[in-house]
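Visitor: I have a structure here, written as structure tokens, and I will follow up with some questions on it.
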Amino acid sequence: MEQAVTFGPDRGLVGIYTPAPGDLCCLLMNAGVIHRIGPHRLNVKLARGLAQESVASLRFDLSGLGDSRPPSGSASYTEQSVSDLRAAMDFAAREYGKTRFVIFGICSGAVNAQRAALVDPRVAGIFMLDGFWYTSPWTRAVLLWARARAHTPRTLLKSVLRRILPKRRDTASNKKVEIFATDGSGNPSKAQFTAEMDGLTARGCEVFFLYSGSVDHLVSYRAQMSHAFPGAQFIRRSRIERHPDLDHTAMTQHSQKKMVAMVRDWARGVANRGTG
């Protein structure tokens, strides 16, 4: 039976623990500022699906989000998130005997998962949805080709004309809101990322990069990461997939069902390899 729990410094973190046998526990955190249930209750569905694979889970609010108290210190967002994730591991180990952990993270949650894995060897796997991205020489060309193929001759002409004709001054009504930065400024350098990911995968941490159709302007084809990091050891050790039919926040029933199935399959594999 699921139970509400509090843990961490002064028991300020609030979560829901879904029990299951075995030594593996999946940590599910906020996506951006969304409550611990996840976008469209994705974390709830993941937790209950994972339980059917004999994988326990703890979905919880990071400090200052949802029902969890604000942090008392002055740590950065990422530093505090890593501390919260480690507090969740400490709690699940102490109260339920869990010794290995996998972390599922969306966007900024993917960054938090990776940073936590770097500093805590109890992390056996990280599943990162639309997290880190790096362009290759082919990224832009593949994107433009895919978009051109999606147009009829008439709409393609209109699109070309919009790009070459003088643009009207932006107004509040026609400004486009960008959810994702497009300059890669949020990513570590390639050298740093290679060293970090090579180290993680060398120690046996199972890594899954999943990219949705919502970020096709950042990751336009499946082999992009391989081309961005030619020869990197972590590339051949990681599972890297791009699914244009998925959306970033699992808005559709199709996205939810497919994503839950993928995470269940991946976590089952991590659990089984840990008992082999």
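Visitor: Considering just Cα atoms, how many Å³ per residue does the convex hull of the range 1-106 enclose?
Guide: 87
Visitor: Next question. Could you pull out the trypsin sites (Lys or Arg not before Pro) across the range 185-276 that fall in loop regions by DSSP (anything but H, G, I, E, B) with no more than 15 other Cβ atoms inside 10 Å?
Guide: For trypsin sites (Lys or Arg not before Pro) across the range 185-276 that sit outside H, G, I, E and B with at most 15 neighbouring Cβ atoms in 10 Å, the list reads Arg203, Arg222.
Visitor: Quick one: plug the Kirkwood hydrodynamic radius of the range 204-265 (C-alpha pairs) into Stokes-Einstein at 10 °C, 1.306 mPa s, and report D in µm²/s.
Guide: 126
Visitor: When the Cα centres of the range 252-266 and the range 6-46 are compared, how far apart do they sit, in Å?
Guide: 17
Visitor: I've got another one for you. How much of the accessible area of the range 23-144, probe 1.4 Å, is carbon plus sulfur, in whole percent?
Guide: Answer for the range 23-144: carbon and sulfur cover 55 percent of the accessible area.
Visitor: Just the accessible area for Tyr96, please: 1.4 Å probe, Å², rounded to the nearest 10?
Guide: 70
Visitor: If each Cα of the range 1-55 is one equal point scatterer, what is log10 of I(q)/I(0) from the Debye formula at q = 0.12 Å⁻¹?
Guide: -0.29
Visitor: Per residue, how much accessible area does the range 1-142 show when a 1.4 Å probe rolls over the protein heavy atoms, in square angstrom?
Guide: 39
The values are calculated or read from the model by the stated rules, or taken from the named source; none is laboratory data. Source: prediction; values computed, not measured. Cβ: placed from backbone, ideal geometry, glycine included. Neighbour counts: every protein chain shown. Surface areas here come from the heavy atoms of the whole protein model, side chains and all, with no ligands, DNA or RNA. Shrake-Rupley method; radii C 1.70, N 1.55, O 1.52, S 1.80 Å.
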